[in-house]
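Have a look at the structure below before the remarks.
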């Protein structure tokens, strides 16, 4: 079935963000729009959730997901609801997902036209689905907590985000990741420029210090030379004065 931008963007984000979040856990499988066959020998017994997560299944890629060949059914399913899917999402799929034992079933309506509230979650308890509390943060953001994922689902004006409450960080979209990388790169460039400026300042200061030291050494040598010359001249004057005095005495004696 064709998708609009309203459905495609949160779907793509959810799969990519969850795969990045669980990338270091080999026993968690994240996928979406992939056929899940739940009855061996009956090819019509299949469903393709928009997004699903299986804890305890190898994380490698698959063409299809056969429940009788896999460790278990998904633990988490997210459907991106639209006009064409709302009846099925609220009816047939709800019953089927409960039958398959899917622990959490979430729906988000990016346009806000078909679900009230536009973010809804269900948790399976004794074979029946019960609502998961969804709160309004006060700024229009709807927030629900998934115990399966250990994440919060947030819907802000149709924009889906997953939030890690432990690390207090939001899983970013590709565009946001690119923007963050660009900002980080600009920060590195600014830091490098500052480092170079500081290095030049240090070099200039070092050169000024060396110049001052050389000037001081030159002035000290000049003072020492001047003092030496003055000392020589003083001794010469003293010797000359003594010689004059000696000559004057000799002349007086001759008279």
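The values are calculated or read from the model by the stated rules, or taken from the named source; none is laboratory data. These numbers come from a predicted model, not from an experiment. Cβ atoms come from the backbone with ideal geometry, glycine included; neighbour counts cover every protein chain shown.
Observations on the model:
- Flag if residue 190 is modelled with pLDDT under 90, outside any strand (DSSP E or B) and at negative phi: yes
- Pick from segment 69-80, criterion touching a strand residue (DSSP E or B) at 6+ places or on another chain (Cβ under 8 Å) and free of Cβ contacts under 8 Å to residues at least 40 places away in the same chain, ranking: nearest to residue 38 (Cα to Cα): 73
- Filtered by the rule that a residue be surrounded by 17 or more Cβ atoms within 10 Å (Cβ to Cβ) and farther than 25 Å from residue 25 by Cβ, segment 48-88 gives 81, 82, 85.
- Residue 160 vs. criteria under 26 Å from the mean Cα position of the chain (by Cα), surrounded by 14 or more Cβ atoms within 10 Å (Cβ to Cβ) and in contact (Cβ under 8 Å) with a residue 12 or more places away in the chain: yes
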